[in-house]
1. Which whole-number percentage describes the relative contact order of region 15-309, with Cα contacts under 8 Å and a sequence gap of 6 or more?
2. Using Cα centres only, tell me the gap between region 113-145 and region 157-171 in whole Å.
3. By count of other Cβ within 10 Å, fewest leading, how are E176, E272, E50 ordered?
4. When the convex hull of the Cα atoms of region 176-314 is projected onto a plane and the area is averaged over all directions, what value comes out in nm²?
5. Grab the other residues whose beta carbon is less than 10 angstrom from that of G141, score K and R as +1, D and E as -1, and report the net.
6. Let me check I've understood the local charge: for F40, count other residues with C-beta under 9 angstrom from its C-beta, Lys and Arg +1, Asp and Glu -1. What total comes out?
7. Please give the FRET efficiency for A88 paired with A267, using the beta carbon to beta carbon distance and R0 = 22 Å, rounded to the nearest 0.05.
8. For each of E156, E146, E266, count neighbouring Cβ atoms within 10 Å of the residue's Cβ, then give the residues from fewest to most.
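Read the figures in this text as sums done on the coordinates, not as results from a lab. Keep in mind the model is a prediction, meaning the values are calculated, not measured. A quick note on method: Cβ atoms are made from the backbone with ideal geometry, for glycine too, and the neighbour counts reach across all protein chains shown.
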Amino acid sequence: MTGPGPQTRALPQLHGTKFVTDGGMETDLIFHHGVDLPDFAAFPLLDTAEGRGLLTQYYDGYATIAQRASAGLMLEAPTWRANPDWGARLGYGAADLARVNTAAVTLLAGLRERYTATLNIGTVLVSGMVGPRGDGYGTGGPDPQEAARYHSPQLEAFAAAGADLATALTLTDVPEAIGVVQAARTAGLPVAISFTVETDGRLPSGPTIADAITTVDATAAPDYYLINCAHPTHIRAGLGPPGPWTDRIIGTRANASLKSHEELDEAEDLDEGDIATLVAAQAGLTAALPALTILGGCCGTDQRHVAALWDMTG
């Protein structure tokens, strides 16, 4: 077993510090701001002053929520699609991807300085976001060795730019998660793994949450886990009885919608869900996850949803 790296002890989210993180960036930008994001990729926004301004405005809203909640702030880079396969579809080669992954961390580091100085937010962490090689809802990803090779350039760029950690969101199978952890360890970065689940609470590739975490931990343990891109009721359905793996989940980023991944893929309009239903369902999920310290949203959520989750709507 490859255990957590030596930097784990420096992660305050593992020691009770609570963190606000953002919502569904891509769905928010597309449906509420009219931004064209081909292939659901936000990272090209880093290449223009207008795009960087839009991203800054986006993060500013969550910084305000963190300030009001007296919580820390986890800034996730807009780099979910900034990997070789998706980058190539948008005309970004290896050098271009290294540049935008670096630029993402640099942007967030600058925001951290402003937030700590002007909003008095005590702890702001900059995380480089990794996405799956394939589709966020698909299966049949790379094996661990191939995944490590594939994700290494992005993780190395984050490390060189000074990110505090990396977070891999919306992973659908165990082998790719193992490879991401191995690549992050080689790059010297703390790393979190976030699986997504279907309406039955299982990963799209089939394992239960418990089996997925136990299997990854046995080979290449990340610093912690999250679950994202599913409604809290779907996540709760997959938790099963409490076990040692339960305490390894310290973050959730839930969808507002109760629809399945397939239904969301086919929908032409944004399903923002019902905020009161989301908050009530998250309360039940939070009660089942005693180590939870990171709370944000995913598809269909925006600042309104995250503020409500933190009871910051007044």
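1. Relative contact order comes out at 19 percent.
2. 6 Å
3. Neighbour counts put them in this order, fewest first: E50, E272, E176.
4. Computed as one quarter of the Cα hull surface, the answer is 8.8 nm².
5. That works out to -4.
6. Within the 9 Å Cβ shell, the charges total -1.
7. Calculated transfer efficiency: 0.20.
8. Final ranking by Cβ density, sparse to dense: E266, E146, E156.
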